Structure formats: structure tokens, C-alpha cells
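Worksheet: the structure to be examined is printed underneath.
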Amino acid sequence: GSALRVAAVDLGATSGRIMAGTVSARSLHLEEVHRFPNGGVRVRDGLFWDVLGIHREVLTGIRRVAETGPLHGIGIDSWAIDYGLLDRDGTLLGNPYSHRDARTDGVAAKVAATVDPARLYATTGLQDLPFSTLYQLVAAQGTAALESAEHLLLLPDLLAYWLTGTIGVERTNASTTALYDLTTGDWARDLMGELGLPWSILPPLREPGSIIGPVLSEVGRHAGIPKRVPVVAVGSHDTASAVVGVPADTDRFAYISSGTWSLVGLELDAPVLTEAARRADFTNEGGVDGTVRFLKNVMGLWVLSECLRTWADQRVEGTGLVALLAAAEDAPALRTVVDINDPRLLPPGDMPSRIRELAAEAGEPVPTTPVEVTRCVLDSLALAYRRHLRTALELAGREVDVVHVVGGGSQNHLLCQLTADATGLPVLAGPSEAAALGNVLVQARALLQEQGSTELADLAAMRSLIRRTHELHRFEPTPAARGGADWHAAERRVLGQGAAS
Ligand code: ADP
Ligand code: LRH
């Protein structure tokens with residue numbers, strides 16, 4: 001058949017991008033038509049997303065796709081967990097909070113006093129992130145917004161609602177909220193009821209690959225988007241789309257979805273809900289086609305980008321990303337390692353000072369220069385990947401031959417090499433826009449199915465198409481004989497610091 005051309009809206013916490021994706025049986029092409037910076041906006045003591053600004057940028061991007069060729073579909077994915085509330089008129093009740101906002105401080109402990117953490121894990125299968133949607137709703141109890149709310153929408157669903165007028169929550173993203181029961185495949189209404197939360201605000205679930213509806217004609221007219229273009233539910237959790245976009249040609253692979261967060265784990269057929277998995281605080285998120293994303297959230301390149309922001313604010317010379325990474329390559333390996341998942345690194349702020357504080361506390365050499373801090377962050381990230389990957393394999397009883405690194409961080413060749421060294425496994429890096437590719441492919445399959453075609457039938461077919469059309473970078477572990485560093489000893493240092501996270 002002829003090529004399909006769709007708009008993939010992929011919203012990261014650091015940047016949002018809109019891509020034109022063109023798909024045929026043998027080709028897959030992604031063109032970035034619009035990119036805009038994203039980040040939290042602090043208002044008095046709250047940290048929010050500028051969701052109207054994001055909506056405007058999304059419309060701009062979709063219009064540009066439409067202006068440069070045919071437009072057969074629109075799909076939206078974004079970071080997980082955060083949400084907006086609508087009142088009974090469908091009006092947004094305030095700005096969505098960022099999960100990095102402090103209002104959830106202490107909430108997890110409060111909930112644990114009511115709901116046994118083992119029961120919570122058995123229901124949700126999730127790592128105990130302090131800022132889950134569940135904890136955010138508990139923090140919001142008693143607020144006018146929550147009391148007036150009729151509908152809770154996750155961010156991609158809110159943006160899709162503004163395009164189509166249709167209310168629903170896509171399943172992969174629902175699975176990240178801790179409001180979802182992965183054993184029943186439905187909202188965890190009992191759990192919410194026990195916590196006094198209004199479960200009636202949870203909308204119907206929708207499947208990745210289903211058609212949400214056409215763009216409303218008045219919306220299209222204002223925004224310059226052609227009439228009746230279908231909005232397709234993709235794996236609307238960006239990590240779900242990124243895992244679709246992992247160009248694996250075997251099932252013996254691990255992945256790191258490397259962006260603002262690093263998501264480190266495996267694709268499985270069934271969740272691992274053992275006591276050992278709970279103690280290791282591992283997540284079972286829902287993937288596309290019924291897969292399970294068994295993974296760990298690692299603090300990610302957020303730490304580095306907050307360092308860069310701090311240095312830029314302080315007008316420190318030579319602190320552009322590319323220059324720093326080049327210099328960090330020559331810095332001594334594993335001089336300073338810290339627990340990169342320390343909760344103090346979660347909120348925005350002066351990250352270099354926090355890294356120095358963690359190093360000093362741990363009795364590690366305190367990094368002073370930006371290059372030393374950068375190297376410490378990258379070494380510590382790779383060390384975390386090493387530990388969590390090994391744990392994932394042990395818990396799932398699996399073995400792998402390769403680690404796929406996708407997302408913006410796959411362009412960080414130093415981090416990719418360190419990841420190969422730390423894990424002792426070859427790393428295949430790329431594509432950097434795996435989430436957008438996953439978004440495009442799930443849309444394409446849905447639209448092809450509408451035409452009665454069975455192309456791109458499964459994840460293997462999608463991945464094979466990516467592999468045939470995208471170049472990957474390979475990194476081999478450095479042998480000890482050629483100066484490979486002692487990752488085992490470094491890991492013992494961090495574990496000695498009490499790293500439990
Ligand atoms: P998100 O989707 O969470 O916004 P991305 O997947 O876009 O994040 O990844 C952003 C990160 O990718 C940046 O913080 C940066 O560290 C890294 N990155 C982006 N471009 C490059 C590059 N050219 N070289 C090295 N790292 C890069
Ligand atoms: C990555 C991500 C991750 C979530 C976090 C909130 O962008 O979606 O999978 O845990 O953001």
C-alpha cells in the first residue's frame with residue numbers, strides 16, 4: 001500500500017517534540033517539525049506544568065506536519081503520573097502539578113499507615129515512587145479542585161480531550177498511577193475507596209491502538225489542522241512508546257530508556273510480584289500488546305541537566321553539554337560515586353552542591369570542578385544501571401546478551417561506554433527518538449488495521465522495521481587488561497553508603 005504519514009507528539013519533561021512519521025512496508029522515516037523546551041513553572045510554593053503552553057505548542061507542531069504533507073493520524077505520549085482534573089463542564093481545574101512538587105513529601109508514610117505496602121504492591125505492582133498519582137491525590141484531599149472534580153485525565157489524555165472532546169485514560173499510562181490494579185486490568189477502586197478518594201473521577205480505560213476520535217471541527221479550524229483527522233491512542237506513557245521503539249532482534253535484551261529519567265529493565269510477558277521484587281522496589285508497568293515493563297526508575301540525566309542549568313545561572317564558563325562530556329571522558333574513572341537515587345536529587349535546585357554534599361557524607365572525594373561533578377554523575381548513573389539490571393535479571397529469572405539504550409541519552413557516548421563497562425554487556429545505542437517511533441508505529445498499525453491490512457502485526461515486526469531503517473552505535477565493555485575500571489569495588493562503596501533506593 002501507499003505510505004502513511006502521521007504526527008507523533010512526544011512530550012518529555014525536558015522538551016516536547018512533534019514529528020512527522022512516514023511508514024510503508026519497507027520504510028520508516030521520522031522528521032522533527034517542532035521542538036520546544038519544557039520544564040516546571042514555580043508559582044509561589046507550587047511547581048506546575050504550563051499545560052496551556054504545551055497545548056499551543058502541540059497545535060503548532062501538528063499544523064506544521066499538516067502543512068508539509070498528508071496527515072493520516074495524530075498520537076500523543078508524555079511523561080507519566082501527572083494529571084489534570086476537569087469539573088462537570090469539562091473545564092480544567094487549575095494547572096497540573098509537577099511530580100517534583102513538594103506537596104507529596106511524607107504522604108507515602110501516611111498512606112502506609114492505612115494500606116499495607118505489601119497489599120499496595122500486590123495490587124499496583126509498582127515501585128514506591130513518592131510522587132505517584134495516588135499520593136498526589138491523597139495530598140490534594142480537601143482541596144476545592146479535587147472536591148469539584150468530575151474527571152481525572154493523565155496529560156496525554158487531557159491533550160487528546162482538547163483535540164477530540166473525548167474522555168478516557170489510556171491503559172499503559174493508567175498503569176503508572178498506582179490507581180490501577182494490574183491483576184484485574186481495571187482501576188483499583190477499592191483501594192481508592194479505603195483512602196477516601198473519589199474513584200468516580202476515573203474515566204473509562206482505552207487501549208493503545210484504538211481510535212480516540214476525530215479532531216473536532218472547531219478545534220481544527222482554529223488551529224489549521226485538517227478536518228476529521230483521527231487521534232489514535234498510542235502507548236501514551238512515553239516509556240511504553242520508547243520500549244516499542246527499542247530495535248531489538250531477540251528477546252534476550254534489556255533496555256535503558258534514557259531521558260530526564262532513566263528507566264532500566266526488561267520486557268516480560270507477565271508481572272513479577274514476588275516479595276523479593278517488592279523489597280527490591282521494582283515496577284511492573286503495562287506495555288503495548290499486553291507486555292509488562294519490569295523496570296526501575298533511576299534519577300537519570302535530570303541530575304546532569306539541573307547541574308548545567310545551575311552553572312549557566314552562575315555564569316560558569318565552559319559548561320555546555322558537549323564540552324563537558326568531552327572533558328569528562330578524560331577525567332579519572334570512578335573517583336567519586338554517590339547514590340544517584342537519593343531523594344534529595346528529585347526536586348529542582350542547585351544540583352552541584354547536592355552532589356558535593358552526598359559525596360562528603362559518604363566519605364568520597366568531593367568533586368569540585370564542573371568536569372569532576374559531571375564525571376561523578378555519569379559514573380554513578382552507570383553504577384546504578386549495573387546494579388538494577390542485575391537485580392531485574394535475578395528477579396525475573398532471565399539472561400540477556402545486550403543492553404539497548406534509547407532516548408536523548410543514547411547520544412551521550414561516554415555514558416553508553418560506561419554502561420557497557422559497568423554491566424559487562426554490549427550496549428546498542430539509538431534511536432534517540434525511540435518514543436516517537438513507537439508512537440508512529442502503533443498509530444500506523446491501527447490505521448492499517450482499519451484498511452484491513454495486517455502489516456506491523458506485532459512488536460517484533462515493528463522493531464525489525466526500526467532496525468532496518470535506523471543506525472545504531474555499538475559499545476563493547478572495556479576489558480580489564482585495557483584499563484577497565486573496577487566497577488565491583490565501586491558498587492561496594494555505594495552500597496556501603498546505605499544505597500537502598
Ligand atoms: P525527555 O524525553 O525526558 O525530555 P530526552 O529523551 O529528550 O528527554 O533526553 C534528554 C537528555 O538527552 C538531555 O538531558 C541530555 O542529557 C541528553 N542529550 C540530548 N542531546 C544530546 C547530545 N547531543 N549529546 C549527549 N546527550 C544529549
Ligand atoms: C519518563 C517518565 C517515567 C516516569 C516519569 C514520571 O519520561 O514517564 O517513565 O516514571 O516520567
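Just so it is clear, none of the values below were taken in a lab; they were calculated from the coordinates. Not measured: the values here are computed from a predicted model. With ideal geometry, Cβ positions are generated from the backbone for all residues, glycine too; neighbour counts draw on all protein chains shown.
For region 21-51, filtering for residues that are out of contact with any Gly (no Cβ under 9 Å at 6 or more places or on another chain) and part of a loop (DSSP other than H, G, I, E, B) leaves 6.
Just the residues that are aliphatic (A, V, I, L, M), surrounded by fewer than 22 Cβ atoms within 10 Å (Cβ to Cβ) and part of a loop (DSSP other than H, G, I, E, B), please, taken from region 335-368. If the condition is that a residue be aliphatic (A, V, I, L, M), surrounded by fewer than 22 Cβ atoms within 10 Å (Cβ to Cβ) and part of a loop (DSSP other than H, G, I, E, B), then Leu346, Val366 are the ones that fit. If you go through region 245-264 and keep only what is under 21 Å from Ala461 (Cα atoms) and either away from ligand 2 (no atom under 16 Å from the Cβ) or part of a strand (DSSP E or B) (or both), you end up with Pro247, Ala248, Asp249, Thr250, Asp251, Arg252, Phe253, Ala254, Tyr255, Ile256, Ser257. For region 36-61, the set of residues classified as out of contact with any helix residue (DSSP H, G or I) (no Cβ under 7 Å at 6 or more places or on another chain), away from ligand 2 (no atom under 16 Å from the Cβ) and of a type outside the set (Ser, Thr, Tyr) consists of Val41, Arg42, Val43, Arg44, Asp45, Gly46, Asp50, Leu52, Gly53, Arg56, Glu57, Gly61, listed by residue number. Among the residues of region 1-20, those that are within 16 Å of ligand 2 (Cβ to nearest atom) and either assigned to a loop (DSSP other than H, G, I, E, B) or among the hydroxyl-bearing types (Ser, Thr, Tyr) (or both) comprise Gly12, Ala13, Thr14, Ser15.
Taking region 136-193 as the region of interest, the helices (runs of 4 or more DSSP H) fully inside it that hold 2 or more residues being surrounded by 24 or more Cβ atoms within 10 Å (Cβ to Cβ) and in contact (Cβ under 8 Å) with a residue 60 or more places away in the chain are 155-164, 171-174.
Table: residues versus (1) more than 20 Å from Val234 (Cβ to Cβ); (2) crowded, with 24+ Cβ neighbours inside 10 Å; (3) within 16 Å of ligand 2 (Cβ to nearest atom); (4) not small (Gly, Ala, Ser).
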position: Leu414; (1), (2), (3), (4): yes, no, no, yes
position: Gln417; (1), (2), (3), (4): yes, no, no, yes
position: Ala429; (1), (2), (3), (4): yes, yes, no, no
position: Ser432; (1), (2), (3), (4): no, no, yes, no
position: Leu437; (1), (2), (3), (4): no, yes, yes, yes
position: Val440; (1), (2), (3), (4): no, yes, no, yes
position: Gln443; (1), (2), (3), (4): no, yes, no, yes
position: Leu447; (1), (2), (3), (4): no, no, no, yes
position: Ser453; (1), (2), (3), (4): no, no, no, no
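Do the conditions hold for Leu304, that is, is it in contact with a strand residue (DSSP E or B) (Cβ under 7 Å, 6 or more places away or on another chain), away from ligand 2 (no atom under 14 Å from the Cβ) and under 28 Å from Leu345 (Cα atoms)? Judged against the criteria, Leu304 is not a match. Within region 82-97, residues that are over 20 Å from Ala178 (Cα atoms) have Cβ atoms under 7 Å from residues that are within 16 Å of ligand 1 (Cβ to nearest atom) in these pairs: Asn95/Trp49; Asn95/Val51, counting only partners at least 6 apart in sequence or on another chain. Which ones in region 102-125 are assigned to a loop (DSSP other than H, G, I, E, B) and surrounded by fewer than 22 Cβ atoms within 10 Å (Cβ to Cβ)? The answer is Asp105, Gly106, Ala113, Thr114, Val115, Asp116.
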